[in-house]
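Peer 1: The structure under discussion is supplied below as structure tokens; questions concerning it will follow.
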Amino acid sequence: ASPARLAYAERQLSSLWARCELWGITSAVCELACRVAPTKPLRAPDAIHLATFLLARKKIGEIDLVTTDRRLEEAAGSEM
């Protein structure tokens, strides 16, 4: 790739990251994951992902869950 294209890609990536918010795995996330996981066919990381999504939706409002995992998508749908 040309230097101009690389610079453009770097600017686009920086712009995207500036709009992102990172969420840590807190005790609230773990507690919610423990409550939702037993009722769903989820692995532990997926339960944490779902719990983080649910807490973020409660704080931020309407947001979308981005996943390619059908079980996680179905579990999120049943929580809405």
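Peer 1: Give me the Kirkwood hydrodynamic radius of region 30-80 in Å, from all C-alpha pairs, to one decimal place?
Peer 2: One over the average 1/r among Cα pairs gives 10.8 Å for region 30-80.
Peer 1: Another one. Starting from the 7 Å offset along Cα-to-Cβ, what nm value, one decimal, do you get for the label separation of residue 60 and residue 23?
Peer 2: That separation, rounded to one decimal, is 0.8 nm.
Peer 1: Compute the angle between helix 3-18 and the longest alpha-carbon principal axis of the chain, please, reported from 0 to 90 degrees and rounded to the nearest 10.
Peer 2: Between the helix axis and the principal axis of the chain, the angle is about 30 degrees.
Peer 1: Order 47-59, 19-31 from most to least packed using the mean count of other Cβ atoms within 10 Å.
Peer 2: By packing density, highest mean first, the sequence is 47-59, 19-31.
Peer 1: Would you mind checking the tilt of helix 27-36 against the longest principal axis of the Cα atoms of the chain, expressed as 0 to 90 degrees and rounded to 10?
Peer 2: For helix 27-36, the angle is close to 60 degrees.
Peer 1: Testing the spin-label approximation: label points 7 Å from Cα along Cα→Cβ at residue 73 and residue 8. State their distance in nm.
Peer 2: Distance between label points: 3.1 nm.
Peer 1: For region 49-80 and region 17-31, what is the separation of their C-alpha centers, rounded to whole Å?
Peer 2: If we compute the Cα centre of each part, the gap is 13 Å.
Peer 1: Same structure again: How big is the shadow of the Cα convex hull of region 1-68, averaged over all directions, in nm²?
Peer 2: Value for region 1-68: 6.4 nm².
Read-outs throughout are calculated quantities, based only on the coordinates presented, and are distinct from any laboratory measurement. Since the model is a prediction, treat every value here as computed from it, not as a measurement. Quick reminder, even Gly has a Cβ in these numbers, built from the backbone with ideal geometry, and neighbours come from all protein chains shown.
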